[in-house]
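Colleague: Have a look at this one before I ask anything.
The values are calculated or read from the model by the stated rules, or taken from the named source; none is laboratory data. As the structure is a computational prediction, the values presented were derived from the model and not from experiment. In this analysis, Cβ positions are derived from the backbone assuming ideal geometry, glycine residues included, and neighbour counts consider all displayed protein chains.
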Amino acid sequence: LISSQIKLGAAFGDAFSKQIFLGQAIILDAYDRAYRVDLRNRISSSSADLAVTSFLEQDQTKMVSATMPEGLTLGFDVKERDEVEPRREVAPFSYRASLEKARQDDIGTIRFSADLGHQSEFIAGLDASPLNLFTNSIPEEASGGVFFNSSWTSSPQLTLLGNGDSFKISHEIGSNTKFDIGMHHSSGFSSSSNTGAGHLLQMQLSHKSSSGFRYGLTTGYVSEEESLFSSSSRGAFGTMDDNRNEYATLAASWEINDKTIIFGTYTNATLKPSFSGDSLFDNWSRIHANSFAIGLTTQSQFTNGDRLGISVGQPLRVSKSTVDATLPVGRDLDGNVLQETQRVDLVPTGRQIDIQLAYSLRSRGQTEVTSFAALSLQPGHDSSANPEAAVGFKWRLEF
């Protein structure tokens, strides 16, 4: 038991750490003496801090294109890395970034696209984040990209995998309907860990009406290698097999007027956990998790071309899950170890709510201002956690 460990993804919050039963296990030493061990100390959860290192990252892209035969266009962009390369780790609101020297060259993500006629497009990316190709188009277009790390609430499935190779095919059905299908494969967030490894298949259908109302459905699955919602385990907790979660997202936006748009999105994900080896946990129920976001953005309020927005959202959170926990809890008069089994509820006690106010301005010249203020209530889906706040401001001048 001492060498056993579970590293939980953010969706589980404090579900395991608040289970009193997990603190009642015993172990026997070399002299057959019993000691109490609190298994909750072997369970760690993702950090809930509002790390904003990613907000300050450079995002410079060079576009390279090539002349193709009529009816076909081809181009690709090369995204340059900074002098140091951030290593991404999953966290409920944003990601934590630690810095390490880039190992090979200054070339980062490579993305290219081909227009197939007038209605279809093929896009591919190498060493690309799934957020580059598969982000939910409705809330992203409605917000104009003004919010910081909004994908944690609008497209939580995309945060489960690291950078990798992607492709997507888009086809316009008439002038107001669009269909996308694509895949992404990742080897993980870093070479030293298997977390974030797996593949994704996603389809998205969206439609815009003449009244300015737009709605869409996104569905697919994420297959994680030896992981479950970015969680991992070893020892007496068993080893996680490859787990596949199926998800569906409903999104909608409405143009109230020529300056103001409201939007909303809801994601539901479900999976049946799979483990190998002996484990204290057995008979897992199907896990259900969800996230949501609502927001409003407005343009040209203070000056021409600016954008102001407010959003309220919940990152991915387990809403239903139970498991049988069988623990050694004592000994009888003959020295035999007594075991007890309880059905444990794995729903976290809290519900993280992220509130964000964001503002951006891009002038006709080379000046760009981006800023946000964020407040996270019950971070980490922990009802006892104190609120956390973050503020970001970035000014860029190109010359």
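Colleague: Filter segment 179-226 down to residues that are more than 24 Å from residue 292 (Cβ to Cβ), touching a residue at least 60 places away in the same chain (Cβ under 8 Å) and crowded, with 23+ Cβ neighbours inside 10 Å, then give me how many there are.
Modeller: Number satisfying all stated conditions: 1.
Colleague: Determine which single condition residue 327 fails, assuming it passes every other condition in (1) of a type outside the set (S, T, N, Q); (2) loosely packed, with under 15 Cβ neighbours inside 10 Å; (3) in contact with a helix residue (DSSP H, G or I) (Cβ under 9 Å, 6 or more places away or on another chain).
Modeller: It is condition (2) that residue 327 fails.
Colleague: On to the next question. Any residue that is modelled with pLDDT of 90 or more, hydrophobic (A, V, I, L, M, F, W, C), assigned to a strand (DSSP E or B) and more than 30 Å from residue 16 (Cβ to Cβ) - is there at least one of those in segment 279-292?
Modeller: Checked segment 279-292: no residue is modelled with pLDDT of 90 or more, hydrophobic (A, V, I, L, M, F, W, C), assigned to a strand (DSSP E or B) and more than 30 Å from residue 16 (Cβ to Cβ).
Colleague: Ok, one more. Could you list all residues from segment 17-38 that are within 22 Å of residue 330 (Cβ to Cβ) and either within 22 Å of the chain's Cα centre (by Cα) or charged (D, E, K, R) (or both)?
Modeller: Within segment 17-38, 29, 32, 33, 36, 38 meet the criteria.
Colleague: Give me the residue from segment 98-136 that is aromatic (Phe, Trp, Tyr) and at pLDDT 85 or above and, out of that set, nearest to residue 189 (Cα to Cα).
Modeller: Only one residue tops the list, namely 134.
Colleague: Here are the criteria: (1) touching a helix residue (DSSP H, G or I) at 6+ places or on another chain (Cβ under 9 Å); (2) closer than 30 Å to residue 395 by Cα. Tell me which single one residue 359 does not satisfy.
Modeller: In the conditions (1) touching a helix residue (DSSP H, G or I) at 6+ places or on another chain (Cβ under 9 Å); (2) closer than 30 Å to residue 395 by Cα, residue 359 misses (1) alone.
Colleague: For segment 356-375, state whether one or more residues are among the charged types (D, E, K, R) and modelled with pLDDT of 90 or more.
Modeller: The answer is no, given that none of the residues of segment 356-375 is among the charged types (D, E, K, R) and modelled with pLDDT of 90 or more.
Colleague: Shifting gears a bit: Considering only residues that are under 17 Å from residue 23 (Cβ atoms) and in contact (Cβ under 8 Å) with a residue 40 or more places away in the chain, look in segment 341-365 and name the one that is surrounded by the most Cβ atoms within 10 Å (Cβ to Cβ).
Modeller: Of everything passing the filter in segment 341-365, 346 is surrounded by the most Cβ atoms within 10 Å (Cβ to Cβ).
Colleague: Among the residues in segment 200-211, are any among the charged types (D, E, K, R) and under 24 Å from residue 13 (Cβ atoms)?
Modeller: no
Colleague: Scan segment 292-321 residue by residue and report those that are surrounded by 15 or more Cβ atoms within 10 Å (Cβ to Cβ) and in contact with a Lys or Arg (Cβ under 7 Å, 6 or more places away or on another chain).
Modeller: Once the filter is applied, which keeps residues that are surrounded by 15 or more Cβ atoms within 10 Å (Cβ to Cβ) and in contact with a Lys or Arg (Cβ under 7 Å, 6 or more places away or on another chain), segment 292-321 yields 297, 298, 299, 314, 317.
Colleague: Separate question: So which residues in segment 175-190 are closer than 20 Å to residue 230 by Cβ and outside any strand (DSSP E or B), if there are any at all?
Modeller: Selection gives 188, 189.
Colleague: Also: Go through segment 12-40 and give me each residue that's touching a residue at least 40 places away in the same chain (Cβ under 8 Å), surrounded by 16 or more Cβ atoms within 10 Å (Cβ to Cβ) and of a type in the set (Gly, Ala, Ser).
Modeller: 13, 15, 25
Colleague: Right, another one. Mind counting the residues in segment 366-399 that are part of a loop (DSSP other than H, G, I, E, B), in contact with an Asp or Glu (Cβ under 9 Å, 6 or more places away or on another chain) and free of Cβ contacts under 8 Å to residues at least 24 places away in the same chain?
Modeller: Total satisfying the criteria: 0.
Colleague: Quick one: how many residues across segment 134-158 are touching a Leu at 6+ places or on another chain (Cβ under 8 Å) and either among the β-branched types (Val, Ile, Thr) or without any contact (Cβ under 8 Å) to a residue 24 or more places away in the chain (or both)?
Modeller: Here the count works out to 3.
Colleague: Kindly indicate which of 129, 154, 170, 150 is out of contact with any Phe, Trp or Tyr (no Cβ under 8 Å at 6 or more places or on another chain), buried (at least 17 other Cβ atoms within 10 Å of the Cβ) and under 17 Å from residue 219 (Cβ atoms).
Modeller: Criteria check complete, one pass: 154.
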